[in-house]
Amino acid sequence: MDRKLNWLKEAFSRDLRIMQQGQVVGGMHRDVLSRDVEAYLNSTRLRFDVTGFLIHSVNIHDLNAGNQIIGHIAFSFGKRAELKLTSGESYLWKRPNMLMREWDMIREAPDGSPEKELVSYDLTRQFFKEAGDISVNEDEQSTATVDIIILTGLFIRNYFQRRRRIAAGAIAATT
């Protein structure tokens with residue numbers, strides 16, 4: 001079964017909304033002085049706990065299960081990331097172009113090879129607000145697991161975008 005969602009982030013906002021058929025079904029929020037992000041989609045509620053100074057690490061906490069760690073995001077050189085759930089499943093975050101207008105969450109086989117594209121994201125508008133589409137292939141996955149993967153894919157993209165803006169600001173400040 002396929003599911004179609006949309007996402008929207010206003011300019012200068014730390015909030016992102018996720019919609020299905022025009023209704024808000026999820027969102028993400030980051031406080032001003034925090035790197036952590038709280039997110040929800042349907043009944044799934046997560047906290048992305050960002051730690052580290054130069055090399056960041058992210059633990060994913062399930063807020064519905066007493067803040068239990070359910071996964072970890074590992075970042076690699078070249079704007080790559082991997083989601084490892086405590087259930088043993090692994091997903092690769094991949095972008096086919098430098099502009100980050102498209103990106104995917106791909107399930108990995110036990111040997112680490114890409115197995116199946118589960119979630120695809122597109123950036124459809126970018127001026128004073130960013131908006132895009134999310135296409136989900138929910139064949140044999142539970143809805144809760146897919147919601148975790150959807151939220152993680154958006155978190156990773158926003159993480160890289162924020163790091164890009166910080167780096168651009170640092171370069172501009174030195175010139």
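The values are calculated or read from the model by the stated rules, or taken from the named source; none is laboratory data. The structure displayed is predicted, hence computed values, not measured ones. Cβ atoms come from the backbone with ideal geometry, glycine included; neighbour counts cover every protein chain shown. In case anyone asks, the SASA skips ligands and DNA or RNA and just uses the protein heavy atoms, side chains included. Shrake-Rupley method; radii C 1.70, N 1.55, O 1.52, S 1.80 Å.
Tabulated data
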quantity: Cα centroid separation, region 1-30 to region 91-126 (Å); calculated: 18 Å
quantity: Accessible area (Å², 1.4 Å probe, nearest 10) - Lys116; calculated: 50 Å²
quantity: J(HN,Hα) series, region 123-132, from Karplus relation 6.51 cos²θ - 1.76 cosθ + 1.60, nearest Hz, glycine and proline x; calculated: 8, 9, 9, 7, 8, 8, 8, 9, 9, x
quantity: Relative contact order [Cα under 8 Å, 6+ residues apart], region 69-149, whole percent; calculated: 16 percent
quantity: As computed over region 52-133, the Cα convex hull volume per residue (Å³); calculated: 151 Å³
quantity: MRE, 222 nm, helices only [DSSP H, n ≥ 4, -39500 (n - 2.57), over the chain, to nearest 500]; calculated: -6500 deg cm²/dmol
quantity: Rounded to the nearest 10 Å², the accessible area of Thr124 at probe 1.4 Å; calculated: 80 Å²
quantity: Candidate lysines - alpha carbon under 27 Å from Lys129, same-chain residues fewer than 8 apart omitted; calculated: Lys4, Lys9, Lys79, Lys94
quantity: Peptides ranked, highest mean first, by Cβ atoms within 10 Å: ranges 36-45, 84-93; calculated: 36-45, 84-93
quantity: Three-way shape call for region 1-122 based on the alpha-carbon gyration tensor, with the a/c threshold at 1.5; calculated: rounded
quantity: Accessible area of region 13-85 belonging to carbon and sulfur atoms, whole % at 1.4 Å probe; calculated: 53 percent
quantity: DSSP-defined antiparallel bridges as percent of all bridges, the chain, nearest 5; calculated: 100 percent
quantity: Burial order of peptide ranges 27-35, 153-161 (average beta-carbon count within 10 Å, highest first); calculated: 153-161, 27-35
quantity: Rotationally averaged projected area of region 1-44 (alpha carbon convex hull; nm²); calculated: 3.8 nm²
quantity: Accessible surface ranking that places the most exposed of Leu54, Leu83 first, with a 1.4 angstrom probe; calculated: Leu54, Leu83
quantity: Estimated vicinal HN-Hα couplings, Hz - region 48-54 in sequence order (Karplus 6.51, -1.76, 1.60; Gly, Pro = x); calculated: 8, 9, 8, 10, x, 9, 8
quantity: Interchain or long-range residues, amide H under 5 Å from Ala81's placed H; calculated: Ser76, Trp93
quantity: Probe 1.4 Å, protein heavy atoms only - accessible area per residue of the chain in square angstrom; calculated: 55 Å²
quantity: Label-point separation in nm, Ser76 to Lys116, each point 7 Å along Cα→Cβ; calculated: 2.2 nm
